[in-house]
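Comments concern the structure below.
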Amino acid sequence: MSSNASPEVLFERVGNAGVIILNRPKALNALTLNMIRHIYPQLKKWESDSETSIVIIKGAGDKAFCAGGDIRALSDAGKVGDPLVKELFREEYILNNATGTCKKPYIALIDGITMGGGVGLSVHGRFRVATEKTLFAMPETAIGLFPDVGGGYFLPRLQGKLGLFLALTGFRLRGRDVQKAGVATHFVESEKIGALEKDLVDLKVPSVSEVAQVLDSYHQQVRNRGPFIYFPNRSHLRLFTASSVEEIMENLQKDGSAFAQKQLEILSKMSPTSLKLTFRQQQAGATMTLQEVFVMEYRLTQACMRGHDFYEGVRAVIIDKDQNPKWKPPTLAEVTEEFMEESFRSLGERDLVF
């Protein structure tokens with residue numbers, strides 16, 4: 001049985017599985033508020049439906065699972081005071097939390113580009129399946145934002161300082177490295193995703209352990225094949241052990257290795273405000289629950305929407321594409337503690353509530 005709930009997202013019932021298909025392949029399945037408003041009620045319905053045993057989410061086309069949210073629409077809305085800047089983040093985080101708390105096995109097939117909003121739809125679920133085509137990144141500091149959609153929860157829980165490194169630099173993990181990092185739970189060759197999906201939907205009232213066994217059987221086939229593409233080593237990541245962004249920059253300057261020089265070059269192009277917000281978000285999120293992180297991140301999004309750098313970042317990267325944003329303030333030293341405190345402060349009755 002198949003039904004077109006919206007041109008942008010499709011829902012199918014296949015056996016005991018509810019299947020969500022992000023259906024904007026030409027836009028790399030970028031997430032819109034309309035998609036969020038269709039996915040959330042369907043997910044909750046399947047969660048309480050006795051005939052649905054598992055939920056699978058995937059992207060249409062062969063390039064992306066979901067390349068992120070509709071950043072340009074957010075920028076346009078923020079400039080004119082449109083409520084989209086409040087509604088989208090609020091409803092997106094409620095959906096992200098629903099994937100993380102789903103009572104049924106939730107399986108994200110992240111076969112292709114998975115960034116920003118796509119990470120939020122996948123990383124909190126019980127199972128995340130990467131392929132050789134997976135490209136994972138949280139590149140928000142380059143556009144005056146921070147790694148949201150629960151980035152303050154899952155990134156600090158990766159090994160060592162890997163999460164902080166990914167959060168600040170927007171570094172792209174590819175293929176098997178996505179699973180090695182802990183972002184994905186399994187790695188399966190792209191050509192076998194169809195067979196994996198069939199084996200999953202053919203399960204009769206599966207338990208979590210039975211779903212895991214199927215995924216493990218596919219993962220096992222490729223576990224020891226080939227070298228990893230690239231993965232920062234421990235000595236590199238130690239440079240990100242610091243009590244501030246400024247201290248990280250000092251560590252990189254003192255180290256002087258090719259890796260350190262490259263990261264200095266990258267960080268120097270990012271929004272100083274975003275870097276400092278992200279550093280504090282990562283510190284705070286390490287000891288928070290997932291829901292507490294979403295409440296914190298909602299506050300930060302509204303601070304960014306009130307500010308300058310998000311709109312300038314979108315202009316430079318997405319609209320004019322000159323890759324030359326003029327950040328305000330332009331240096332880390334000029335980002336005030338007063339601004340930082342205000343950004344994390346409660347919004348009162350406008351706070352996100354679950």
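Taking a cut-off of 14 Å between Cα atoms, list the aspartates and glutamates near LYS321, but don't count ones fewer than 8 places away on the same chain.
GLU312
Would you mind telling me the antiparallel percentage of the DSSP bridges in the chain, rounded to 5? Please list the in-between numbers first.
Numbers: 11 of 32 bridges.
Of the beta bridges lying entirely in the chain, close to 35 percent run antiparallel.
How much accessible area per residue does the chain have, in Å², with a 1.4 Å probe?
Values: 15230 Å² over 354 residues.
Computed with neighbouring chains in place, this is 43 Å² per residue.
Suppose R0 equals 35 Å; then what is the FRET efficiency for SER243 and LYS328 from their Cβ-Cβ distance, rounded to the nearest 0.05?
Numbers: r = 25 Å, r/R0 = 0.72.
Working from the Cβ atoms, E equals 0.90.
Are any of the pairs LYS44/LYS198; LYS269/LYS328; LYS133/LYS276; LYS103/LYS204; LYS104/LYS133; LYS133/LYS262 more than 20 Å apart by Cα-Cα distance, and if so, which? All intermediate terms of the calculation are to be shown ahead of the outcome.
On the way: LYS44/LYS198 23 Å; LYS269/LYS328 13 Å; LYS133/LYS276 32 Å; LYS103/LYS204 17 Å; LYS104/LYS133 27 Å; LYS133/LYS262 25 Å.
Flagged as over cut-off: LYS44/LYS198; LYS133/LYS276; LYS104/LYS133; LYS133/LYS262.
Is there a quick way to get the dipole size of region 65-114? I mean about its Cα centre, with the Cβ of Lys and Arg at +1 and of Asp and Glu at -1; what is the value in debye to the nearest 20? It would help to have the intermediate numbers written out before the result.
Values: 6 positive and 7 negative charges, 41 e Å.
Charge dipole of region 65-114: 200 debye, to the nearest 20.
Relative to a virtual label point 7 Å from the Cα of TYR230 in the Cα→beta-carbon direction, which members of region 254-295 show backbone nitrogen distances below 14 Å?
Counting only backbone N, you get 258-267.
Explain nothing, just the number: dipole magnitude of the chain about its Cα centre with +1 on each Lys and Arg Cβ and -1 on each Asp and Glu Cβ, in debye rounded to the nearest 20. Spell out each step's value before the answer.
On the way: 43 positive and 42 negative charges, 131 e Å.
Magnitude of the dipole: close to 620 debye.
Could you point to the residue in THR141, ILE56, MET296 farthest towards the positive end of the chain's charge dipole, with +1 and -1 charges on the Cβ of Lys/Arg and Asp/Glu respectively?
ILE56
For the chain, modelled as a GNM with alpha-carbon contacts under 10 angstrom, which of MET340, MET270, MET115 fluctuates the most?
MET340
Please report, as a whole percent, how much of the solvent-accessible surface of the chain comes from carbon and sulfur atoms (probe radius 1.4 Å).
Details: 7800 of 15230 Å².
The C+S portion of the solvent-accessible surface of the chain is 51 percent.
Does anything in region 281-304 have its amide N under 15 Å from the 7 Å Cα→Cβ label point of ARG345, and if so which residues?
Correct set: 299-300, 302-304.
If you keep only loop residues by DSSP, which chymotrypsin sites (Phe, Trp or Tyr not before Pro) in region 175-275 have at most 13 other Cβ atoms within 10 Å of their Cβ? Write down the numbers at each step before the final one.
Details: sites: PHE187, TYR218, PHE228, TYR230, PHE240, PHE259; in loops: PHE228, TYR230, PHE240.
Counting only loop positions with at most 13 other Cβ atoms within 10 Å, the chymotrypsin sites (Phe, Trp or Tyr not before Pro) in region 175-275 are PHE228, TYR230.
Stretched out fully, how many nm does the piece from ASP82 to GLN221 gain, at 0.36 nm a residue minus the Cα gap?
Numbers: separation 139, 0.36 × 139 = 50.04 nm, distance 5.00 nm.
So the extension gain works out to 45.0 nm.
The values are calculated or read from the model by the stated rules, or taken from the named source; none is laboratory data. Bear in mind that the values here come from a model prediction, so they are computed numbers and not experimental data. FYI the Cβ positions are ideal-geometry reconstructions off the backbone, even for glycines, and counts take in every protein chain you see. The accessibility values were calculated without ligands, DNA or RNA, using every heavy atom of the protein model including side chains. Shrake-Rupley method; radii C 1.70, N 1.55, O 1.52, S 1.80 Å.
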